[in-house]
Ligand SMILES: Cc1cc2nc3c(=O)[nH]c(=O)nc-3n(C[C@H](O)[C@H](O)[C@H](O)COP(=O)(O)OP(=O)(O)OC[C@H]3O[C@@H](n4cnc5c(N)ncnc54)[C@H](O)[C@@H]3O)c2cc1C
């Protein structure tokens, strides 16, 4: 994967380019990559203030208008023009091409700010930057960049990412849109993409097509909306993020000049995955912005609403919800910024960390939306208040940019690959299934399990010793469970051998443990850095980090226990029965 073009931040890249998350599966905590918690670079800090202020100034007085756009399912042209005028389409484009050149961390913060007002706004600018034209930044030639980036920076051109098709969702490698090469080197592109964000307003598409060349199966192309044969369908009538444009995009024998191939011919799948991996912090930032709004709304509602002669904020069950929302927001924020900074610092292997941050943040914001609405109860159910829209808007976050299920499998299989690769006999036998964990589902090598080494725990114990005393217990939890994770990964490989790729229940549990470990370590690092810096809210952050660690320990212990003691077989059978009957079998009447 190409590194992000951003200027390095203060965080050092992981030693040897290793993935912090993958190392957890080997029993290692790469603390030098996680501690101290990264600081945003000075230039970004300077730029961020005016940008987030401008966003607040523009969007805060328009909440009623934004709710109207949700109802009519449209962002009017003059509204999109205002987003252009604010420079929101040039956030991550280098200054030489007219953009702001924000780092991934700063970009995630901008999306948090827009999402704190409205998710559709975030999606319009986020789909443009995170995925629509990200491929051009990562893989484009200088000539391609000169040709397109200045217009993409101003928003004269809006970008979209065209991968999904009717028959190819999670299984993106099975796309049918195809391109054939002419004698003059140009290509003829045909096919239809579905559910394309910005599809109806974009001028520039990053399109993935089957090319079946000797170099590989899929190739990425840069396609302009105005070219003959390019068209888009009607705006989809969606459950949430309704104002954001989502359409089909069709290509009918579109001639694509050779200079519009993006990245190497035949390497389009890698291009697509690299874009999605590096774009996930934008989505995470959006989730954090939503959570901050929900916490603010929940506090106001809980204090204002009186029942049984008291403000409901005095009741333990309401307070528990507010506290849990805050824990999850802090944790999501900690992991999203950490991943953004890992990318900014030049890490090359961050796809597992990005997947973890996306899964955690998307689940957290949906739980927050549920609990905030529950605190508002009947009022929350009324469309007059924003809860129902936020509930609808955040639902998409566990579906797109890789479903959370697929990302769980990806996290587990990527981690297991490292464990397997540590052994020569395993590497030869199970290597195939891990070469591309997403493409490799169901493909098995032959594995004759031999006893693997016990986790040695390299890198362990150092964190606990060096952390501030109030965080050592929490550090001890992560150290212990990092070793437990590596042992469990090791045992799973031994137990299932070549069948490991089919063990989705086990993979899911392993991924959950790894996510808790990685997120927990980010929380720990942040609380430690806040305390060392004498931050006025450090004591609260330290207490929060300790609480998160205790909760994480219970979740991790349960997941690990359930690797051995579970009802998976019964659950599989029940699913089989219900599927065989096409539905529910019983009736009490
Ligand atoms: C509003 C919206 C905007 C979108 N924007 C874009 C865009 O801009 N560009 C673009 O290219 N695409 C876009 N998409 C498509 C999106 O990325 C896909 O919806 C997503 O990849 C999932 O594909 P699918 O919906 O076809 O689900 P499917 O792949 O059909 O999956 C259905 C269910 O099965 C599960 N599943 C699938 N395979 C497995 C497996 N191997 N093991 C276990 N479970 C599995 C999934 O997790 C899911 O729960 C958008 C979608 C929506 C709804």
Overall form of the range 36-154 per C-alpha gyration tensor (a/c, 1.5; a/b vs b/c): oblate
Cβ-derived FRET efficiency at R0 22 Å, residue 239 paired with residue 310, nearest 0.05: 0.05
Rel. contact order, % - alpha carbon contacts under 8 angstrom, at least six apart, the range 127-215: 35 percent
Inter-site label distance for residue 468 and residue 81 at 7 Å from Cα along Cβ, in nm: 5.1 nm
FRET E, pair residue 564, residue 166, Förster distance 35 Å, beta-carbon r, rounded to 0.05: 0.30
Relative contact order %, the chain, counting alpha carbon pairs below 8 Å whose residues are six or more apart: 17 percent
Expected 222 nm ellipticity per residue - DSSP helices of 4 or more, -39500 (n - 2.57), all of the chain, to 500: -18000 deg cm²/dmol
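Give me 47, 485 ranked fewest to most by other Cβ atoms within 10 Å of their Cβ, as a rough exposure proxy. Before the final figure, lay out the partial values.
Details: 47 18, 485 25.
Fewest to most other Cβ atoms nearby, the residues stand as 47, 485.
Starting from 0.36 nm per residue, how many nanometres of slack lie between residue 495 and residue 32 once their C-alpha separation is accounted for?
Here the answer is 163.3 nm.
On full extension of the chain, what length is gained from residue 299 through residue 403, given 0.36 nm per residue of separation minus the C-alpha to C-alpha distance? Before the final figure, lay out the partial values.
Working: separation 104, 0.36 × 104 = 37.44 nm, distance 3.13 nm.
Going from the current span to full extension adds 34.3 nm.
R0 = 41 Å: FRET efficiency of residue 323 with residue 156, Cβ-based, nearest 0.05? Before the final figure, lay out each step's value.
Working: r = 47 Å, r/R0 = 1.14.
After rounding, the FRET efficiency stands at 0.30.
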Sequence-separation-based contact order of the range 36-154, relative, with Cα cut under 8 Å and 6+ spacing, percent: 30 percent
Cα gyration tensor category, rounded, prolate or oblate, for the range 130-217 with a/c compared to 1.5: oblate
Cα-projected label distance for residue 579 with residue 184, points at 7 Å along beta-carbon direction, nm: 5.1 nm
Order of 381, 548 - criterion: other Cβ atoms within 10 Å of each residue's Cβ, fewest first: 381, 548
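What's the exposure ranking of 321, 226, 134, going from fewest to most Cβ atoms within 10 Å? Provide the component values of the computation, followed by the final result.
Details: 321 20, 226 8, 134 26.
Going from least to most buried by this count: 226, 321, 134.
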Separation in nanometres of the label points that stand 7 Å from Cα toward Cβ, at residue 46 and residue 71: 4.5 nm
Distance between the range 48-110 and the range 334-357 - C-alpha centres, whole angstrom: 24 Å
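Quick note: the coordinates plus some simple rules give every number you see, no bench work behind them. Bear in mind that the values here come from a model prediction, so they are computed numbers and not experimental data. Backbone-built Cβ (ideal geometry, glycine too); neighbour counts: all protein chains shown.
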